[in-house]
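Q: Please see the structure below; I have some questions.
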Amino acid sequence: MADGLRFAFGTLTVLPVRVHRWDRAAARGGMLCAPAAGLVVGGCAAGLGLLLLLLADGGPLAAVASVAVPAALTRGLHLDGLADTADGLGSGKPAEDALRIMKQSDIGPFGVLTLVLVLLAQVAVLAQLYAGSWARGALAAVVSAVAARLALTLAARAGVPAARPEGLGAAVAGVVP
């Protein structure tokens, strides 16, 4: 369990957690503990959002903070993956070429457009929720972070192959029973 928590927090957040083991068993524990990392990330997002809601009395500012915190606490890993996926799928190329595009370090127009629209949508929804009720806004920030990491757990289950054998996903592909 401890190795799983270290793996989850050490790979999915910027929190100073040292990963002692990098093997399939630790990866399994890490993917099973990924929602716990989401709970901490979401709690931080909701906490800052509530603080700004209280101090600045503004839902939009709280919403921006609640969207920015997960990006900062995860090194933008989820945003990078979203942009890569959008660039690959948007290219209209065959699978092998799309994977090559996704692996490139730069971001293309599909990635930029997708990031802008997704982040704007997240801010708009959270601003609406915070405006209606501080509790709904905070709960949405937490639930979305946990749900995102739960999706990662589900994507690492047996039978779901990695896109590439040398990618980050290969370390966790198929580790969750």
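The values are calculated or read from the model by the stated rules, or taken from the named source; none is laboratory data. Treat the numbers as computed from the prediction; the structure is a model and nothing was measured. Using ideal geometry, Cβ is built from the backbone for each residue, glycine included, and neighbour counts are taken over all protein chains shown. Ligands, DNA and RNA are stripped out before the accessible areas are found, and what is left, the full protein with its side chains, is counted by its heavy atoms. Shrake-Rupley method; radii C 1.70, N 1.55, O 1.52, S 1.80 Å.
Q: So, in the range 66-96, of the ones that are without any contact (Cβ under 8 Å) to a residue 12 or more places away in the chain and open to solvent by 60 Å² or more (accessible area, probe 1.4 Å), which residue ends up nearest to LEU52 (Cα to Cα)?
A: Among those that are without any contact (Cβ under 8 Å) to a residue 12 or more places away in the chain and open to solvent by 60 Å² or more (accessible area, probe 1.4 Å), it is ASP80.
Q: Filter the range 24-47 down to the residues that are surrounded by fewer than 19 Cβ atoms within 10 Å (Cβ to Cβ) and within 13 Å of PRO70 (Cβ to Cβ) and list them by number. Give the steps one after another, and end with the answer.
A: Kept after step one, since they are surrounded by fewer than 19 Cβ atoms within 10 Å (Cβ to Cβ), are these residues of the range 24-47: 24-25, 36, 39, 43, 47.
Once the filter is applied, which keeps residues that are surrounded by fewer than 19 Cβ atoms within 10 Å (Cβ to Cβ) and within 13 Å of PRO70 (Cβ to Cβ), the range 24-47 yields LEU39, GLY43, GLY47.
Q: Scan the range 124-141 and give yes if some residue there is modelled with pLDDT under 95, open to solvent by 80 Å² or more (accessible area, probe 1.4 Å) and in contact with a Ser or Thr (Cβ under 8 Å, 6 or more places away or on another chain), otherwise no.
A: Checked against the condition, which is being modelled with pLDDT under 95, open to solvent by 80 Å² or more (accessible area, probe 1.4 Å) and in contact with a Ser or Thr (Cβ under 8 Å, 6 or more places away or on another chain), the range 124-141 yields no hits at all.
Q: Here's something else I'd like to know. Just checking, does the range 157-176 include any residue being in contact with a Leu (Cβ under 7 Å, 6 or more places away or on another chain), modelled with pLDDT under 85 and open to solvent by 50 Å² or more (accessible area, probe 1.4 Å)? Working first, answer last.
A: Applying the first criterion (in contact with a Leu (Cβ under 7 Å, 6 or more places away or on another chain)) to the range 157-176 yields 163-164, 176.
Those still in the list that are modelled with pLDDT under 85 too: 163-164.
Remaining after also requiring open to solvent by 50 Å² or more (accessible area, probe 1.4 Å): 163-164.
Scanning the range 157-176 turns up at least one residue that is in contact with a Leu (Cβ under 7 Å, 6 or more places away or on another chain), modelled with pLDDT under 85 and open to solvent by 50 Å² or more (accessible area, probe 1.4 Å).
Q: Just one of the numbered conditions (1) surrounded by 16 or more Cβ atoms within 10 Å (Cβ to Cβ); (2) without any contact (Cβ under 8 Å) to a residue 60 or more places away in the chain; (3) under 17 Å from the mean Cα position of the chain (by Cα) is not true of ASP3; which one?
A: Answer for ASP3: the failing condition is (3).
Q: Looking only at residues in the range 37-63 that are within 16 Å of the chain's Cα centre (by Cα) and in contact (Cβ under 8 Å) with a residue 40 or more places away in the chain, which one is farthest from ARG149 (Cα to Cα)?
A: Among those residues, the one meeting the criterion is ALA46.
Q: While we're here: Please find, within the range 102-117, the residue that is farthest from the chain's Cα centre (by Cα) out of those that are surrounded by fewer than 16 Cβ atoms within 10 Å (Cβ to Cβ) and in a helix (DSSP H, G or I).
A: PRO109
Q: Return a yes/no flag: does the range 134-156 have any residue that is under 16 Å from the mean Cα position of the chain (by Cα), closer than 20 Å to THR74 by Cα and assigned to a loop (DSSP other than H, G, I, E, B).
A: Here is the first cut: in the range 134-156, the residues under 16 Å from the mean Cα position of the chain (by Cα) are 140-156.
Checking which are closer than 20 Å to THR74 by Cα leaves us with 140-156.
Keeping just the survivors that are assigned to a loop (DSSP other than H, G, I, E, B) gives 156.
Yes, the range 134-156 contains at least one residue that is under 16 Å from the mean Cα position of the chain (by Cα), closer than 20 Å to THR74 by Cα and assigned to a loop (DSSP other than H, G, I, E, B).
Q: Which members of the range 9-23 meet the condition of being aromatic (Phe, Trp, Tyr) and either touching an Asp or Glu at 6+ places or on another chain (Cβ under 7 Å) or without any contact (Cβ under 8 Å) to a residue 40 or more places away in the chain (or both)? Please lay out each step first, then the result.
A: Residues of the range 9-23 that are aromatic (Phe, Trp, Tyr), as a first pass: 9, 22.
Hit for the range 9-23 is PHE9, nothing else.
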